[in-house]
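Report on the following structure.
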Ligand SMILES: CC(C)(COP(=O)(O)OP(=O)(O)OC[C@H]1O[C@@H](n2cnc3c(N)ncnc32)[C@H](O)[C@@H]1OP(=O)(O)O)[C@@H](O)C(=O)NCCC(=O)NCCS
């Protein structure tokens with residue numbers, strides 16, 4: 001049975017393990033190996049995760065099936081002082097995709113956003129990532145695009161997608 005809980009720093013190894021197993025599968029055909037390694041270090045090293053949770057107000061959720069971790073998400077309420085909740089990360093292990101884990105994470109973030117009077121969910125997705133279709137299916141709309149310079153000559157080429165919460 002699936003369960004979901006709020007992660008703490010004890011869970012960083014779980015998040016790091018899932019990220020390292022999922023990113024090559026997700027981005028192998030979209031980004032260079034060098035960019036994947038660079039981004040994993042930038043976003044998932046222990047200092048990076050510590051800064052996100054302790055300084056930037058990111059909250060991580062983990063989904064397990066019994067005691068097996070399958071995926072995680074992170075979100076930030078009141079993004080940049082607005083009434084938006086920004087979803088920074090959502091990754092499910094390749095073998096566990098398509099079984100409702102992503103939807104469970106999204107529904108949980110939606111509930112928390114509503115409880116905190118946020119009226120919109122917002123996220124960035126790589127323009128070549130098929131996750132765009134998942135987000136469209138669950139009610140997100142493309143509201144813009146941006147290229148973000150992340151250093152070392154690498155770019156994130158994203159769509160911005162929003163979903164208004166009724
Ligand atoms: C995108 C992702 C988070 C979706 O989570 P998931 O657990 O696989 O999706 P779910 O099983 O909850 O799917 C919900 C619905 O969306 C559909 N869906 C899921 N992924 C899809 C995709 N890539 N393309 C089209 N539809 C998709 C499912 O078929 C399902 O439809 P249904 O409700 O009619 O059955 C997950 O597949 C994932 O981690 N992908 C790789 C990492 C990634 O790209 N993360 C996002 C970075 S921005």
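The values are calculated or read from the model by the stated rules, or taken from the named source; none is laboratory data. Nothing here was measured: the structure is a model prediction, and the numbers come from that model. Neighbour counts are summed over all protein chains in view; Cβ atoms, including those assigned to glycine, are modelled from backbone coordinates with ideal geometry.
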Original post:
Quick one: would you say residue 100 is touching a strand residue (DSSP E or B) at 6+ places or on another chain (Cβ under 8 Å), more than 9 Å from the ligand (Cβ to nearest atom) and on the phi > 0 side of the Ramachandran plot?
Top reply: no
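Matching residues to (1) within 14 Å of residue 96 (Cβ to Cβ); (2) within 13 Å of the ligand (Cβ to nearest atom); (3) outside any loop (DSSP other than H, G, I, E, B); (4) touching a helix residue (DSSP H, G or I) at 6+ places or on another chain (Cβ under 6 Å):
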site: 11; (1), (2), (3), (4): no, no, yes, no
site: 25; (1), (2), (3), (4): yes, yes, yes, yes
site: 37; (1), (2), (3), (4): no, no, yes, no
site: 49; (1), (2), (3), (4): no, no, yes, yes
Of those in the stretch 117-164 that are exposed (fewer than 13 other Cβ atoms within 10 Å of the Cβ), assigned to a loop (DSSP other than H, G, I, E, B) and without any contact (Cβ under 8 Å) to a residue 60 or more places away in the chain, the residue farthest from the ligand (Cβ to nearest atom) is 117
Selection over the stretch 87-97 where residues are more than 7 Å from the ligand (Cβ to nearest atom), outside any helix (DSSP H, G or I) and without any contact (Cβ under 8 Å) to a residue 12 or more places away in the chain yields a count of 0
With the first residue restricted to the stretch 45-63 and required to be closer than 22 Å to residue 105 by Cβ, and the second required to be part of a loop (DSSP other than H, G, I, E, B) and modelled with pLDDT of 95 or more, Cβ contacts under 7 Å at 6 or more apart or on different chains are 52/58; 60/7; 61/7; 62/7
